1. Between rounded, prolate and oblate, where does region 722-814 land on the alpha carbon gyration tensor, with a ≥ b ≥ c its root eigenvalues, rounded for a/c under 1.5, else prolate if a/b exceeds b/c?
2. Compute the normalised compactness of region 33-81: alpha-carbon radius of gyration over 2.2 N^0.38 Å, N being the residue count.
3. Tally Lys/Arg at +1 and Asp/Glu at -1 over every other residue whose Cβ is under 14 Å from the Cβ of Gly707; what's the total?
4. Using just the C-alpha positions of region 92-218 as equal point scatterers, what log10 of I(q)/I(0) does the Debye formula give at each q in 0.15, 0.16, 0.17 1/Å?
5. Expected output is a single nm value to one decimal: the length gained when fully extending between Ile743 and Glu772, i.e. 0.36 nm times separation in residues minus the C-alpha distance. What is it?
6. Can you tell which of Ala930, Leu966, Gly287 lies farthest toward the positive end of the dipole of the chain, using +1 and -1 charges on the Cβ of basic and acidic side chains (Lys, Arg; Asp, Glu)?
7. About the Cα centre of region 464-566, how large is the charge dipole given +1 on each Lys and Arg Cβ and -1 on each Asp and Glu Cβ? Please answer in debye to the nearest 20.
8. Once R0 is set to 56 Å, what does the formula 1/(1 + (r/R0)^6) return for the Cβ-Cβ distance between Thr38 and Ser393, expressed as a FRET efficiency to the nearest 0.05?
Amino acid sequence: MWRLSQRKSYVLASQSVIAKTRPFATTQNQYSIGEEITHILKHKNWNFLLNSSDIPKKLNPDVLRTFLHQNQVGDSKLLLNFFYWYEHIMGALQDLDILSVLAVNLCNSHCYGPTSDLIERMIKTCSSSPRAILGSVVSCCKNCNGSSSNQKVFDILVDRYRKMGLLDEAVGVLLGANKDVEYVPSLLLFNCLLSDLLKASELGLFWKVCDGMCKAGMRYDVYAYTNMINAHCKVGNVKEAKKVLLEMRDKGCNPNAVTYNVAIGGLCRAGLLHEAVEMKESMVKNGLVPDKYTCATLINGFCSWKRSQEAKMVLAEMTDLGLKPDIITYNALIDGFMRQGDIEAAFSVRDEMVTNGIGDNLLTYNTLLNGVCKAGMMDKAEELMNEIIKRGSKPDSKSYTLLIEGYCREHNMVGAFTALDEMKSVGLAPTLMTYSVIINGLCSSGNLQQANDTLEEMIAKGLKPNAIIYTTLMTAHGREGRFEESRRIFDEMKQLGIMPDVICYNSLISGLCKAQKMKEARTILVEMLGRGLKANAYTYGAFIDGYIKIGKMTDADFDEMLGCGLKPNKVIYTMLINGYCKMGNITEAFSVFRRMLLLAEKVLPDVQAYSVLIQCLSKIGKLPEAVGVFSELCAKGLVPDVFTYNFLISGFCKQGDLEKAFELHDEMVAKGITGNIVTYSFLINGLLKGGETERAKNMFDGVLQKGLTPNNITYATMIDVYCKSGNLNEACKLFNEMPLKGISPDSYVHNVLLDGYCKEGKLEKALGLFQEMLQKGFASTLSFNTLIEGLCEIAKLQEAKQLLELMQEKQVMPNQVTYTTLIDHHCKKGMMEEAKQLLLEMQGRNLIPNTITYTTLLHGYNMIGDRKEAFALFQDMVAKGIEPDKITYYIMLDTHCKEGNLMEAFELRDEMLEKGMQMSTNVYEALIQALCKKEDFSDALRLVDELGSSGLKLNLSTCSVVARGLQTAGDMDKAVKLLEGIIRFGWVSKSTCLSDLVDGNLTDADFQGDLNNEDFEDLSLTR
C-alpha cells in the first residue's frame, strides 16, 4: 500500500538544500530568537529589518521549527513569506516536520492553495513514505488542539496524491487518516477519487474506499451511488447495480439522469435490453426526461445485440423528443445494420443522416466499406472508395485494409494486390493489419511462397509481425503437409523476440501430430508448459488425434488431460470413438460413449451423445451397430433429431443401400422431423452415384418445392455428376439456374464445371468460363491447373505454358501439381529439355518436386534413351529423401536392364521386395530379356518359374525370345523345360510344341497370358 513513485525534485530556491552551519543554540535561545523574529515581523518593512539584523547569523532548522510551533504571528500568509525568506537565506528545506507544521497552519487559516502547493512539495521532495507524511501531518494536527479546520488538510493531502495519479497512495492516506483521527473526506473528494479509480479500473481499491467510508458512517450522495452502480456495471454485475439503485431510493436519494444512463448502459452491455427499456420508462415516471446520451446508449445497445430495427425505433423516438442525433449515434446504427447483413437499411440510415444535415465522415464510410466487403459486394466497395475521393476526403489505411480484406475473402488476390498498389501510390504505408490481412488471404488461397515473401517484405519495412501472423503462416504450411517449414517459421519467430502464445504452440503441435511426429510434438508441449502457458482441450485433442492415427490408442487415453482439470469436449470424444471404431474395437468405442453419458456435468445432451456414436459408426460402414445404437436411443424415449437421421442416411447412401436410406427418410418425416438441405443432398448424391439420374433430378426439383434452398454444395454435386457422365447441357442448365434462385455460384461450382468442360474436350467453353472466373476473382491455383491439364491433353503445350505465365501475372501461385502436369506432358512428347527447365523453375520457386514429378521425368529420359540422365536424376531423388514408389522402381529396373546393368537391376528388385512391393509382369520381362542378352539362361528360366508360381503370366514375345536363345545356345534340354513350364502354368495349350514356340508360330489366340499387363506409358497423375 505504502509506496511512492520517484518524482522530479521540487526546489523553491536556488540555494543548496544543505543548510549553512550555524552556532549551536539552546532551547531557551531558540525561544528568544523566535520572539525577536515575531517582533520584527510586526513591521511592514520586516524583510529589510531582518536582513539588517544579526538574526540571519542565528538561524538554523531548530530555530525555525521552534518559531513555527510557537506561531505567535497569527497571520499564516506572513508566516509563509517568512519561510520563503528563510529558504532564501539558508537554502531549500526538506524537513518533513517543518513543512507539515506550515501546511497545517496555512490550512487552519483557509489558505488552501498554498497548502496544496506545500503538500505537493512534501510528496515530491521529501524521501518519505505516504505513511510517514500522514504521520507527520497527524502529529501536527493533534498539536494544534484539534482545530475543526484540520480535517481539510487531509482532504488536500489525499487530493494531491489523486491528482498526481498515485491512486494507491491516495487510498492508503484516506483510510489511514480515518483510522488515526476518524477523518471522513468531503463528498466532493470522495466522488472524485471513486471516479478516478473507476477510470483506472482499480475496482479493488474502489470497493475498499466504499467499505471504509460506509463503516465511518458517511452518507452517500447521488454521485457516489452513481459511481457504485457504474462499478458493478463495468464488470457485468447488473444484479448488484440494481440493488444499489433500490438502496439509494430507500435512503431518500433520488437518481438523476446520469444515474439512469449508467444503469441503462450496464443493462445494454449485459444484453438485458428489455430491462434497459423498462429503466428508461421508469426514468420518465420519476419526472426525468431521457437525454441524447440515454437514446444513444439504447441505440448502441440494440445494435450491439443485432437488433437494429429496434435501435431505429429509438432513433425515431429521439427525434420526436426534439433531440438531434449526432454522427456518432448514426454511425452506431449504420454499423448495427451492417453487422446484421442488412446493407440496404444501413445505406438508408446514411441517407437519412445526410438529409438531416449531418455530413458523413470517414468513420461512416469505413463502416459502410466493412459491411459491403464482408458481404462480398466488391463493386459497391469500389464505388464507395470513389465516392470518398469525390467528396473531397481521402481514404485512410483502414479504408484500404478493409478493401484488401474484402478481396482476400473472395479469394481475389489480383484485386487485393491492385488495392495494395493503389494504397502505396497515394502515400499510405501498409500497416501491420494490412499485411496480416494479405498474408491470411494468400494462405487461404494456397499461395504460401508469396505469403512468406510478404512476411519478409513486411519485416524489411520495419514492421514487426505479431504472433497472429506467424500462427496463420504456420497453420497454412501445416495444412499443406509442409511441417518443416512450419517449424522454421516458429523458430524464426522466437529469434525475432516474438513469444508464441498458446494458439501458436497449438498450431505447431497440431501440425506435428498430423505428421505423426509425436515425440517432437511432445517436446514442443514441454517447452510451452515451461513458459507458464497452459495447455487446453485443443492441445490435448491434437495429441489424441495423432496417437489414434498411428494406432496407439492406449497413448490416446486422456487421463493427463483430466488431471489438468480440463473437460473433454465433443470433438475429443468424437475422435476417441471414431478412432476405436476404425480399429474395429467397438467395445472400447461404446465404453467411451457410456462415459459421456455418465458424466455428472455432461458434455452433450443425451441425443447428441448418441448422435456422435452413430456418426462414427456410420462413417466407417458399421451400419448394423449404428442402427443398434439408434434403436437404444429410441427405446429410452429420446427423440432423434434431423442430424441423427442424417448420419444414418449418409451411411446407407455411401454403401449404396438407397432403399434403407429412403426408409429412414420416410420414418423421419412421419415423426414430424423436417429434413434439411443436408438430408436431401445426401439422398441426391446417393441416387446419382447409383446411376438414378432422373430420380435425383426429380428430388432436386422437389427440394425447391419444399421451400428449401439448395446450397452451393447441392448444386455442385448435381453439376459434378452431370459433368462426369458427359451430360454437360444439364450441368450448364443448373449452373445458369443458380443465380435465378438467388444463389451465386462460388469458386467451387465454377471449378467443377470448368473440369467438366476440360474432360469433355470443350476447351473453347472452358476458356470462356475461365475468363469469367478471372473477372470474378474465382480463378485459383486449382482452376489454372484444371485448364493447363485440359490444354496438355490436346497437346497444346505452348498455350499451357502461357497459362503458367498468366498465373504469375495474376499473382496466383503455381503449386506442385501445376509444374508436374506440365513436366509430365512434355516428357510424354519427348521434350526433355523443356521438362528439365520446368523442373529448375519449380525448384526456384521453393516448390519441392514429389515422387510423381521425378517418376515422369525418369520415364521421359528412359523413353528417349538418355539413361545417363535418368540415373543421375534417380540419385538426386534418393539423396533428397523422396521415396520412390512402385512405378519409379519399374522404370529404373527397365532402364538398368536396357543398359545391361543387371547387378543394379537386381539390387533394385531386392529393395522393392524388402519394401513389400509386388513385382509386375513388365519388370519380370525386362529382367528376363536382359538375362537372355547376357546368355544367362539359367537365371532367366528361374525368373520364368518364379513369375509363373506367383500367378503372373509372361507374354508371348518374351517366351519366344527365351526359347530361341536356348536353341541358339544349343541347350535344348532347358528349352524343353521352358515349354513344360509354360504348359504347366496354363499359358499355352498342351498341344503346343517347341518348334511353334521357337519359330514364333503361336498367335495371341494361342497364348493365354495377359498382353501389356502393366504399361509403362500409364503414368497418370491420378494413380
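1. oblate
2. 1.05
3. +1
4. -0.63, -0.72, -0.82
5. Length difference between fully extended and current span is 8.8 nm.
6. Working it through, the farthest residue towards the positive pole turns out to be Gly287.
7. Dipole of region 464-566, to the nearest 20 debye: 200 debye.
8. In this case the efficiency is close to 0.20.
Since every read-out is calculated from the coordinates, none of them should be taken as a lab result. Just so it is clear, the structure is predicted and the values come from calculations on it, not from any experiment. As a convention, Cβ positions derive from the backbone with ideal geometry for all residues, glycine included, and neighbour counts pool all protein chains shown.
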